[in-house]
Amino acid sequence: MVKRMVLLWLALALALTACGQNTGTTSQPTAAPAQPTPAPSGGKLRLIIGTGGTGGVFFPYGGGLARILTEKMPNTEATAQETGGSVDNLKLLQNDEAQIGFTTADSAYDAINGVAAYKDTGKVPAAAIAVLYQSFIHVVARADSGITSVADMKGRPVSIGSAGSSTETAAIRLLEAAGLTVADITPENLGVADSVAAMKDQKIDAFFWIGGLPTAAVTDLVTTEKVVFIDTSALLKPMVDKYGPIYAATVLPAGTYKGTDQDVPGIGVANLLVVREDMPADQVKGILTTIFDNLAEVHQIHPAARTLSLESAVTGSSIPFHPAAIEFYKERGVWKE
């Protein structure tokens, strides 16, 4: 009897389910809905920002922007991702694995043209939304190494920057301008923090680093080690002749780091905030509005961030600006045709 009642109950349940599917009143359809279901987070815009290594400027700058965008841009969650630097960031954009990236101007130019580090992966559909600050190409040697020029690095252990960074590209070009190739040195692919550690351990005699001033890892280095900052100004012309005006004369101001009692002439390169060229206009405008409406807070992120202004943000890009960024800057009265 019990068995028969269970069977009758199951038959009744199946009948009711079938009826519900036909009328739409008692069960959910098994087919996928026509419109995508909102995310559990409430449909927040998620932005990943490609930054750099922990010892440089991109990483804290990107982390600060991520926090401000998350707190101030409506319905947005931004996350800073540690990377190898510019090349990694642009390839993340290319693969849609990041929506915003930090990059040096030289790497951005190479990316949109699909050359140098991007030769195998092809052109990156990147567009600038702001010029952030100017970096100094640090060329640092142990004071007891006898290295006083890039040419002196021949046969020596030298860090040329982490693989996938604009530092690596600039180091190769500086070596080339000095008449050397990577094969002429004993190269190490280390980020700035690891380069500093290797120099402290006397595993390398010199390193290259593109970074804002001051760079925390370099500040740490000079507190315990005696180093020299190499004057690279004589190498600027051959680099500009070959790669264009993406490099510029600049100086490492006296007092930036312990032991630098005089300005050190060198080479600078701009740093850009970039997005994919197909990022929706409202997102671009939302990002820029949030940044510039909270500029005082942005300036507190890092000393390198203090130079950012509406006027500086539109000057010095090596690649075209996103159309929505141009519209934003026109509305703010700073865009020059």
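All of the numbers you see were taken from the coordinates with simple rules; none came from a lab. This is a predicted model, so every value here is computed, not measured. Counting neighbours? That spans all protein chains shown, and the Cβs are built from the backbone with ideal geometry, glycine included.
For region 135-270, what is the convex hull (Cα atoms) projected area averaged across all directions, in square nanometres?
Taking the Cα atoms of region 135-270, their convex hull projects to 7.0 nm² on average.
Of 146, 50, 62, which is the most mobile in a GNM of the chain whose springs link Cα atoms less than 10 angstrom apart?
The residue with the greatest mean-square fluctuation here is 146.
Report the residue, chosen from 56, 211, 259, that carries the largest GNM mean-square fluctuation when the chain is represented by alpha-carbon nodes joined by springs under 10 Å.
259
Taking the alpha-carbon distance from residue 237 and a cut-off under 13 Å, which aspartates and glutamates remain once sequence neighbours fewer than 8 residues away in the same chain are dropped?
Cα-Cα hits under 13 Å: 176.
Rg and Dmax of the chain, using alpha carbons, in Å: what are they?
26.3, 101
How large is the dipole of the chain about the Cα centre if only Lys and Arg carry +1 and Asp and Glu carry -1, each at its Cβ, rounded to the nearest 20 debye?
Numbers: 25 positive and 33 negative charges, 205 e Å.
Value, rounded to 20: 980 debye.
Can you give me the Rg/Rh ratio for region 89-180, using Cα atoms for both radii and the Kirkwood formula for Rh?
Working: Rg = 15.4 Å, Rh = 14.8 Å.
My calculation of the ratio gives 1.04.
For the chain, what is the mean residue ellipticity at 222 nm derived from helices alone (per DSSP H run of n ≥ 4: -39500 (n - 2.57); sum divided by total residues; nearest 500 deg cm²/dmol)?
Values: 11 runs with 120 residues, N = 337.
When only DSSP H runs of four or more count, the value is -11000 deg cm²/dmol.
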